[in-house]
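The values are calculated or read from the model by the stated rules, or taken from the named source; none is laboratory data. All values derive from a computational prediction rather than experimental measurement. All Cβ positions, even for glycine, are placed from backbone atoms using ideal geometry, and neighbour counts span all protein chains on display. Remember, those area values only see protein heavy atoms, side chains included, never the ligands or the DNA or RNA. Shrake-Rupley method; radii C 1.70, N 1.55, O 1.52, S 1.80 Å.
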Amino acid sequence: MSELKTLYKEGVWVNNPALVQLLGLCPLLAVTSTITNALGLGLATLLVLVGSNISVSIVRNWVPKDIRIPVFVMIIAGFVTIVQLLMNAYTYGLYQSLGIFIPLIVTNCAIIGRAEAYASKNPVHLSAFDGLMMGLGFMIVLVVLGAMRELIGQGTLFDSADLLLGPWAQSLRIEVFNFDNQFLLAILPPGAFLGLGLLIAAKNVIDAQIKSKRVAPPEAEKGPRARVTSLT
Amino acid sequence: MKLTMASSPHNHSHKSVTRLMLIVIAACIPGLVAQVVFFGTGVLIQLVLALVAVTVFEAAIMLMRKRPVWPALSDGSAWLTAVLLALSIPPLAPWWVIIIGCLFSIVIVKQLYGGLGFNLFNPAMAAYVLLLVSFPVQMTSWLPVSDLLNNAIGFTDQLRLIFTDFTSIGYSLDQVRAGIDGVTMATPLDTIKTDVGHGLTVTESMQKNVFNEWAGLGWMWVNLGFLAGGLYLLKEKVINWHIPVSFIASLAVCSAIGYIAAPGTEPGTVFHLLSGATMMGAFFIATDPVSAATTNKGRLIYGALIGLLVYLIRTFGGFPDAVAFAVLLLNIAVPLIDYYTQPRTYGHGAVK
C-alpha cells in the first residue's frame, strides 16, 4: 500500500512532471490556451503514459539493454498513433485544434522518462499506477494553466468543451466576465511561460509553508562567530 | 566606539537613490511639456493614474513580502517607472491600459525578481511590450498633433475618453482621431512604413500633413525635449555618456547607410533620430543603471547594439516603434556583455 501512496505523492506533487521535472514543456506551453485543449492533451498524454508504462514493464526482461531506448520509443509511438486515430474518429474538432501536438506526444520526455526510470525496473501493476499518477499530475497542471489563461485571456471557462465531451458540454461554458478586448498576452505563448512560472512559484511557497510547519527544528543556540583578528 | 569596515570605493558621491530618481524625473519635464503641448493634456491624466497605481502596487507587494513599505516607495524608482510608462503609451488610451501596465511592471518585472537592483529587465519597457502585444489597437491609437484634429477636444472630453471611451457628445476615440477626410492618421513612423509599402517614395510620403520638413510634426519637439533633459542628466553626472552616444551614433550610422543604399524608401538619419522614442530611449531608458551594462566598454557595445536593433526593427519589423523591444533584447544580453568586457584590475594581468 505504501508503495502506491508514494507513487501517488510523487506523481501529483513531489515529483510532478510539469512543475518539478519541467518535462514536456512544449505541449504544456503551446496548447494550454483553453481548458478544453489542456484537458484533451492531458487525457491523451495520460492514456499514452499508462499504456507505454504497462507495455514497457511487460517486456522489460526481454529487451536487451543496448537497444532499450529505440524499443521504448517504438512502443510509445504505437500508443500515440492509437490515441491520435481515436481522437481523429471521436473528437474531430479537438483533433484539429490540437494539431501537430498530438503526434508530438511521442517526443514528450515525461513519457520516455517514466519508461526508462520506472517502468523498465518495476512490475506491471506498479508501473501502470505510476503512469496513471504521473499522467494525472501532468494533466492537473495543464488544466490549471489552461484555466488561468482562458480566464485572463478571454474571461470564460470551458469554452467549446463540446469539442471534447460531446454536445451536452456546451452548457458547461461559463462566462466569468466579459470584456471587449481579449488580453492577448495570456493566450499567446509568453502568457504560458508567465503562468507556468507563477504556478511553480506558488508550489514552492506551499512547500516552504508545509516545511516550516512540520519541522520546527530545535536548533542549538549558535554563539557569535569567533573573531580571529581584532579590529580595534 | 564601533568602527565599521566598509569595502571600497571610499569616496562618497552624495547622491542617494532617491535624489538620482528625482533628478531623472525632473529631466523628463521638457519632453513631458512638449507632449502636453502637441498631444493634449491626456498625458497628465495618464501620469496621475500611473503614479497612483504604482504607489498602490508597490505598497501592496511590499506588505505581501513583509518588508518595510516606505523605504521602497521613497526611493522613487517606482515613480520613475510610472512617468516613463505614462510618457510612452498613447495619451488617450483607456484607463485600464496603464493600470495593467503598472501592475505588470511593479509586481512581476520588478518585485518578483527581488525589487530595485535585481530586476533583469527595464520595468517600464517590459510593461510597454506587454501592453503592445496584448492590446495592439489601444496601444497604437496615437492622436495626431492637436492642430490637425478635426474635432478639438478639451480636458474634460479627454478625461471622458480615458474613462468612458466616449466624449461628451458621443465621439469615440477613432472618430476623434479621424482627420477632415475621415481617415485616421497614424504616427509618422507608421505613415512612412505604410506608404513605402504602398509604393510611394519617402519624399512623397513626407508631403502629408503629419510631417514637417525634417520629421513628424510634434514628435520632433518631443524628441528635442527629451534630448534637452538627457543633456541635463549628463551634466548632473546622473548617467554616463557611453550608452546614449553609442546608441545615437549607431542609429545614425545605420540609417545613413540605409539612406545611401535606398534613398527612395529610407527616411534618413534626421528622421530616425527625431522620431518615436529615440531620444527618450537613448537618455532615459537604455541608461537604466539596473538593467544596462555596467562596464564602460560594455556600455558602448550595449548602446550600439540597441541602435542597430532599433533601426532593423523599425525598417523591417511590424511594430510601430522599436526602442522597447531593442532594450529588452539587449537587457538579456547584458550578463554576456559584462562578462566579456571586464576591465583589467589595477595590478593584475598585463597591459595589452
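Details
- The helices (runs of 4 or more DSSP H) falling completely within region B:85-173 that include 3 or more residues that are more than 14 Å from chain A (Cβ to nearest Cβ) and either in contact with a strand residue (DSSP E or B) (Cβ under 8 Å, 6 or more places away or on another chain) or more than 22 Å from B:V69 (Cβ to Cβ) (or both) map to B:155-164.
- Lone unmet requirement of (1) over 26 Å from B:G230 (Cα atoms); (2) surrounded by 15 or more Cβ atoms within 10 Å (Cβ to Cβ); (3) in contact with a Ser or Thr (Cβ under 9 Å, 6 or more places away or on another chain) for B:A60: (3)
- Within the set A:L194, A:L184, A:L164, the sole residue that is free of Cβ contacts under 8 Å to residues at least 12 places away in the same chain and in contact with a helix residue (DSSP H, G or I) (Cβ under 8 Å, 6 or more places away or on another chain) turns out to be A:L194.
- Restricting A:E3, A:E10 to those that are among the charged types (D, E, K, R) and under 13 Å from the mean Cα position of the chain (by Cα) reduces the list to A:E10.
- For region B:244-279, a residue qualifies if it is hydrophobic (A, V, I, L, M, F, W, C) and open to solvent by less than 20 Å² (accessible area, probe 1.4 Å), and the qualifying residues are B:F247, B:L251, B:F271, B:M279.
- A:Y92 vs. criteria at pLDDT below 90 and either open to solvent by 30 Å² or more (accessible area, probe 1.4 Å) or farther than 13 Å from A:S55 by Cα (or both): yes
- Scanning region A:153-184 for residues that are more than 11 Å from chain B (Cβ to nearest Cβ), surrounded by fewer than 18 Cβ atoms within 10 Å (Cβ to Cβ) and acidic (D, E) yields one hit, A:E175.
- Qualifying residue in region B:227-237 (condition: over 21 Å from the mean Cα position of the chain (by Cα) and open to solvent by less than 50 Å² (accessible area, probe 1.4 Å)): no
- Within region A:185-214, being surrounded by fewer than 17 Cβ atoms within 10 Å (Cβ to Cβ) and within 13 Å of chain B (Cβ to nearest Cβ) holds for A:L188, A:P189, A:P190, A:F193, A:G197, A:L198, A:I200, A:A201, A:A202, A:N204, A:V205.
- On the stretch given as region B:233-273, residues that are over 25 Å from B:R299 (Cβ atoms) and touching a helix residue (DSSP H, G or I) at 6+ places or on another chain (Cβ under 6 Å) total 4.
Yes/no per residue for (1) free of Cβ contacts under 8 Å to residues at least 12 places away in the same chain; (2) open to solvent by 10 Å² or more (accessible area, probe 1.4 Å); (3) of a type in the set (S, T, Y):
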{"site": "B:F38", "(1), (2), (3)": "no, yes, no"}
{"site": "B:I45", "(1), (2), (3)": "no, yes, no"}
{"site": "B:V48", "(1), (2), (3)": "yes, yes, no"}
{"site": "B:V54", "(1), (2), (3)": "no, no, no"}
{"site": "B:M64", "(1), (2), (3)": "yes, yes, no"}
{"site": "B:W70", "(1), (2), (3)": "yes, yes, no"}
{"site": "B:V83", "(1), (2), (3)": "no, yes, no"}
{"site": "B:P94", "(1), (2), (3)": "no, yes, no"}
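Yes/no matrix, rows are residues, columns are (1) outside the structural domain of B:V36 (by TED's automatic domain parsing); (2) of a type outside the set (K, R); (3) open to solvent by less than 30 Å² (accessible area, probe 1.4 Å); (4) more than 17 Å from B:S88 (Cβ to Cβ):
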{"site": "B:L112", "(1), (2), (3), (4)": "no, yes, no, yes"}
{"site": "B:G115", "(1), (2), (3), (4)": "no, yes, yes, yes"}
{"site": "B:F121", "(1), (2), (3), (4)": "no, yes, no, no"}
{"site": "B:L132", "(1), (2), (3), (4)": "no, yes, yes, no"}
{"site": "B:V137", "(1), (2), (3), (4)": "no, yes, no, no"}
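- Test: B:G303 is open to solvent by less than 40 Å² (accessible area, probe 1.4 Å), within 23 Å of B:G216 (Cβ to Cβ) and in contact with a helix residue (DSSP H, G or I) (Cβ under 9 Å, 6 or more places away or on another chain): no
- Candidates A:G78, A:G146, A:G135, A:G131, filtered to the one that is more than 30 Å from A:P190 (Cβ to Cβ) and surrounded by 24 or more Cβ atoms within 10 Å (Cβ to Cβ): A:G131
Each row is one residue, and each column tells you yes or no for (1) at pLDDT below 75; (2) part of a helix (DSSP H, G or I); (3) more than 21 Å from B:M139 (Cα to Cα).
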position	(1), (2), (3)
B:G182	yes, no, no
B:A186	yes, no, no
B:D190	no, yes, no
B:D195	no, yes, no
B:G199	no, no, yes
B:Q207	no, no, yes
B:E213	yes, no, yes
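- Qualifying residue in region A:52-66 (condition: without any contact (Cβ under 8 Å) to a residue 60 or more places away in the chain, more than 17 Å from A:F138 (Cβ to Cβ), under 22 Å from the mean Cα position of the chain (by Cα) and surrounded by 16 or more Cβ atoms within 10 Å (Cβ to Cβ)): yes
- Close pairs from region B:335-347: first closer than 9 Å to B:G298 by Cα, partner surrounded by 10 or more Cβ atoms within 10 Å (Cβ to Cβ) and of a type in the set (A, V, I, L, M), Cβ under 7 Å, at least 6 apart: B:I337/B:A293; B:I337/B:I301; B:D338/B:A293; B:T341/B:I301
- Some residue of region A:116-128 being open to solvent by 40 Å² or more (accessible area, probe 1.4 Å), away from every other protein chain (no Cβ under 14 Å), in contact with a helix residue (DSSP H, G or I) (Cβ under 6 Å, 6 or more places away or on another chain) and without any contact (Cβ under 8 Å) to a residue 60 or more places away in the chain: no
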